[in-house]
């Protein structure tokens, strides 16, 4: 299992559009993906789960991946967050 923490820099945090983009990308990987914020962990392939975290700009989230393509998943999903869900 791999994990990486990243700070949300996009103005709206994990709102519906950002959550949808994250889920779309997460579903490209076979690894189990989880997202953690506020000491709560949810399925990173579930838009409802991600939105339920209520993570906003400036807050830290942790991306967890477990599976054969976990390294690639962490790298790509971190990149998406760092690029503020733009140019995906």
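We did not get these values from a lab; they are worked out from the coordinates using the rules stated. Please read these numbers as outputs of a predicted model, since none were measured by experiment. Reconstructed Cβ throughout: ideal geometry from the backbone, glycine too, with neighbour counts over all protein chains shown.
When only residues in region 68-77 that are in contact with a strand residue (DSSP E or B) (Cβ under 8 Å, 6 or more places away or on another chain) and surrounded by 15 or more Cβ atoms within 10 Å (Cβ to Cβ) count, which is farthest from residue 14 (Cα to Cα)? Looking at the filtered set, the residue picked out is 70. Would you pick out the residues in region 42-66 that are touching a strand residue (DSSP E or B) at 6+ places or on another chain (Cβ under 6 Å) and in a strand (DSSP E or B)? 42, 60, 61, 62, 63, 64, 65, 66, listed by residue number.
Among the residues of region 1-22, just one is loosely packed, with under 13 Cβ neighbours inside 10 Å, closer than 18 Å to residue 73 by Cα and more than 12 Å from the chain's Cα centre (by Cα), namely 1. Checking the stated criteria, residue 30 turns out not to satisfy the condition of being in contact with a strand residue (DSSP E or B) (Cβ under 7 Å, 6 or more places away or on another chain), surrounded by fewer than 18 Cβ atoms within 10 Å (Cβ to Cβ) and within 16 Å of residue 73 (Cα to Cα).
Scanning region 67-80 for residues that are closer than 14 Å to residue 3 by Cα and assigned to a helix (DSSP H, G or I) returns 70, 71, 72, 73, 74, 75, 76, 77, 78, 79. Restricted to region 78-88, and to residues there that are surrounded by 19 or more Cβ atoms within 10 Å (Cβ to Cβ) and out of contact with any strand residue (DSSP E or B) (no Cβ under 9 Å at 6 or more places or on another chain), the residue that is farthest from residue 16 (Cα to Cα) is 80.
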